[in-house]
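Working notes, structure below.
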Amino acid sequence: MNTPTEQVRERLSTASRVTVLTGAGISADSGIPIFRGPEGLWKNFRAEDLATPGAFARDPNLVWEWYNWRRELIAMKEPNAAHQALVKMEGEMESRRAQFRLLTQNVDGLHTRAGSRNLVELHGNIWKVRCTGCGQVTEDHRVPIPIPPRCSSCGEMLRPHIVWFGESLDPRDMDLAIEALEQCEVMLVIGTSGVVQPAASFASTARAAGAFVVEINPDVSSSVAHVALRGRAAEIVPQLV
Ligand code: NAD
Ligand code: ZN
């Protein structure tokens, strides 16, 4: 009998379309805290109270201070073995003309730094800013960013180019995601609790469309998966390539 890990590896090696969804858990192994835990707290604020349009309208400087804290934390971190294994998986699939799509809820940019190419950053990127006046999106790697940051074109305040709680995902990203979910034969769900919508429903969408769904998480989360590989992403994902 094959172990569950071997079964998943076999499916991945023959699939012609694979979609991967990652959440904060994959970056936990790089030392970036997930929100739901004592380490996710900042000055006794919960992320849910800061990553919202309402919080930014009330006190933009406070929200920017929090982002400066997160930028500083993330700037020091490196992609881990799980990020790197997904790059290898993408390369292998590409070499046999199979399709690989990576959807991430993470904003830390570690997938890009690791070298992933076919990537949709559903919740934006902490290294991008958007003007609240003219809407221009630019990359900004300053740590700390001067508070409040201003647009160099129109002078209005900049905000993080991040999809906050209560905001909708970019419809183009949603279309790409839905297509990737409906077409895939295998879906890996790595390090996501399945609490934050709409990504929480992605595994069900893929399964309903016929995909074999695999969850990689040290804790039990989704009941949608056909197979659950319990363990840390940096330990499990490299075993699948
Ligand atoms: P989440 O809802 O995605 O939950 C994190 C999940 O990761 C949990 O199910 C946990 O069991 C699992 N996990 C913990 N350690 C793991 C490991 N080593 N390997 C695999 N899985 C592990 O994330 P959240 O922190 O509750 O955040 C909600 C939203 O905020 C999401 O959009 C999330 O991506 C975003 N966020 C992003 C970052 C980042 O960019 N690194 C960090 C925190 C939160
Ligand atoms: Zn502007």
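The values are calculated or read from the model by the stated rules, or taken from the named source; none is laboratory data. Predicted model only: the values in this text are computed from it and were never measured. Cβ placement follows ideal geometry from the backbone for every residue including glycine, while neighbour counts extend to all protein chains displayed. What goes into the accessible areas is simple: the full protein's heavy atoms, side chains included, and nothing from ligands, DNA or RNA. Shrake-Rupley method; radii C 1.70, N 1.55, O 1.52, S 1.80 Å.
To check you understand DSSP bridge types, tell me what percent of the beta bridges within the chain (both residues inside) are antiparallel, rounded to 5.
30
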Formal net charge of residues neighbouring His226 (Cβ-Cβ distance under 11 Å; K, R +1; D, E -1): +1
Can you give the accessible area per residue of the chain, in Å², using a 1.4 Å probe? 48
Segment Asn61-Asp49, length gained on full extension (0.36 nm per residue, minus Cα span): 2.9 nm
Cα centroid separation - region 31-73 against region 95-133, whole Å: 21
Compute from the Cα atoms of the chain the Rg and the Dmax, the latter being the longest Cα-Cα distance, and quote both in angstrom. 18.2, 64
Distance (nanometres) between label positions extended 7 Å along Cα→Cβ at Arg113 and Ser13: 3.2
Could you state the number of Å between the C-alpha centres of region 179-212 and region 137-178? 26
Tell me the accessible surface of His141 in square angstrom (1.4 angstrom probe, heavy atoms of protein chains only), to the nearest ten. 110
With all protein chains present and a 1.4 Å probe, how do Glu78, Glu39 order by accessible area, largest first? Glu39, Glu78
Based on Cβ point charges of +1 for Lys and Arg and -1 for Asp and Glu, what charge dipole magnitude is obtained for the chain about its Cα centre, in debye rounded to the nearest 20? 180
Value of relative contact order over the chain, rounded to a whole percent, pairs C-alpha under 8 Å and six or more apart: 26
Full-extension gain in nm, Asp140 to Lys77, via 0.36 nm per residue minus C-alpha separation: 21.0 nm
